[in-house]
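**Student:** The structure is given below, and queries will be raised subsequently.
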């Protein structure tokens with residue numbers, strides 16, 4: 001391991017490898033770079049999915065497997081176990097990003113005794129409500145719990161009113177994701193490549209989409225929480241009388257959820273559904289290519305069951321793309337002026353999730369159609385949504401986010417360990433002498 005500066009505190013970040021094309025990889029990359037550029041810390045990333053190959057980052061990365069995160073998976077790559085990683089790095093702070101139930105093993109001092117040698121900052125999404133009561137010990141375990149949105153913060157507060165936690169938005173790079181001039185968009189449409197469905201399980205490369213085609217874009221991993229069945233059904237209803245409508249999906253057609261090619265064939269919209277050629281978490285688009293693709297979209301559609309934040313929502317907003325998203329969970333607070341919120345009715349439009357009992361939204365395809373229709377039919381409204389989207393995103397850049405993290409890390413590093421802290425004043429007042 002390369003030499004760390006002994007005069008600086010060390011932050012060990014555990015998450016998806018920053019090179020990957022996932023939301024957590026984006027967040028880890030941006031925060032790690034921001035902390036490194038501050039010059040205040042040694043930054044080390046224990047990177048899930050990293051095998052030790054050369055990387056472009058100025059901070060240190062350690063190869064880790066899923067097993068190092070307390071989950072299942074192969075252990076052939078990387079350092080075996082979080083205890084050994086902590087011993088090796090000797091961090092002042094361990095930072096994790098992920099659902100609290102994904103890192104709950106860190107709360108078990110018997111299983112992870114070396115956790116007591118560092119302070120834990122847990123950055124966690126909240127993507128459903130109510131938070132199960134059995135999560136409370138996990139949420140209390142970190143030295144500092146940080147939620148991704150105000151909505152998530154409030155859900156935790158509802159469960160644990162006296163918990164001293166924080167919230168910090170993810171960011172976007174508004175200088176790399178931005179609206180392109182109309183003439184540039186036309187040129188991109190003429191030359192852009194995509195995958196078209198040519199059979200029940202076949203995709204072929206095509207080039208060029210029509211200047212007047214109306215492109216409904218979706219950027220979301222193909223997994224159950226993203227509601228791809230509702231997405232395609234709602235689009236099918238919308239596109240039935242619109243020959244120029246196409247659904248551009250930026251996701252692997254066969255991943256953790258549906259076979260999206262088969263689903264499109266099943267719904268009879270195989271001639272209207274297209275895919276990005278580079279669509280996996282390992283082989284994805286770079287930022288310039290992402291911005292070009294997003295500028296092809298006339299609207300971004302994500303009828304999700306729930307989002308802890310929703311990075312693709314903010315990034316497409318940064319590119320000036322109107323939104324059609326579910327009126328539920330975290331993303332609503334920053335996306336509500338950028339387009340249509342798909343209405344969901346309590347009980348009627350919800351299911352209880354598995355394995356954790358939180359409410360999941362299931363928007364009706366007919367309501368998705370209505371929202372898409374309004375964006376499609378009202379050009380002035382669409383333009384206003386585009387302007388609103390960009391205006392919000394410009395205020396949510398990473399430059400606004402990083403200083404908040406520096407304040408959190410400095411406070412945590414300076415604070416006494418939990419075992420040495422006095423109880424809150426309101427509790428002291430109840431102690432009988």
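**Student:** In a helix (DSSP H, G or I) and in the same structural domain as residue 292 (by TED's automatic domain parsing), is that true of residue 387?
**Tutor:** yes
**Student:** Hey, residue 26 hits all of (1) surrounded by 17 or more Cβ atoms within 10 Å (Cβ to Cβ); (2) under 24 Å from residue 278 (Cα atoms); (3) modelled with pLDDT under 90; (4) out of contact with any strand residue (DSSP E or B) (no Cβ under 7 Å at 6 or more places or on another chain) but one; which does it fall short on?
**Tutor:** Going through (1) surrounded by 17 or more Cβ atoms within 10 Å (Cβ to Cβ); (2) under 24 Å from residue 278 (Cα atoms); (3) modelled with pLDDT under 90; (4) out of contact with any strand residue (DSSP E or B) (no Cβ under 7 Å at 6 or more places or on another chain) one by one, residue 26 breaks only (3).
**Student:** Of (1) within 26 Å of the chain's Cα centre (by Cα); (2) modelled with pLDDT of 95 or more, residue 221 satisfies all except one. Which?
**Tutor:** (2)
**Student:** Name every residue in the range 267-285 that is more than 17 Å from the chain's Cα centre (by Cα) and closer than 20 Å to residue 55 by Cβ, in order of residue number.
**Tutor:** The answer is 278, 283.
**Student:** Could you tell me which numbered condition residue 350 fails, if it satisfies all but one of (1) under 30 Å from residue 119 (Cα atoms); (2) at pLDDT 95 or above?
**Tutor:** Answer for residue 350: the failing condition is (1).
**Student:** When the range 48-61 is examined, which residues are found to be surrounded by 15 or more Cβ atoms within 10 Å (Cβ to Cβ) and modelled with pLDDT of 90 or more?
**Tutor:** If the condition is that a residue be surrounded by 15 or more Cβ atoms within 10 Å (Cβ to Cβ) and modelled with pLDDT of 90 or more, then 55, 57, 59, 60, 61 are the ones that fit.
**Student:** Considering every residue within the range 238-254, establish whether at least one is assigned to a helix (DSSP H, G or I), over 22 Å from the mean Cα position of the chain (by Cα), surrounded by 19 or more Cβ atoms within 10 Å (Cβ to Cβ) and at pLDDT 95 or above.
**Tutor:** For the range 238-254, residues assigned to a helix (DSSP H, G or I), over 22 Å from the mean Cα position of the chain (by Cα), surrounded by 19 or more Cβ atoms within 10 Å (Cβ to Cβ) and at pLDDT 95 or above: present.
**Student:** Checking the conditions here, which among 94, 139, 180, 163 is crowded, with 16+ Cβ neighbours inside 10 Å and without any contact (Cβ under 8 Å) to a residue 40 or more places away in the chain?
**Tutor:** 139 is the lone residue from the list that is crowded, with 16+ Cβ neighbours inside 10 Å and without any contact (Cβ under 8 Å) to a residue 40 or more places away in the chain.
The values are calculated or read from the model by the stated rules, or taken from the named source; none is laboratory data. What you see is a predicted model; the values in this text were computed from it and never measured. All Cβ positions, glycine included, derive from the backbone under ideal geometry; neighbour counts span all protein chains shown.
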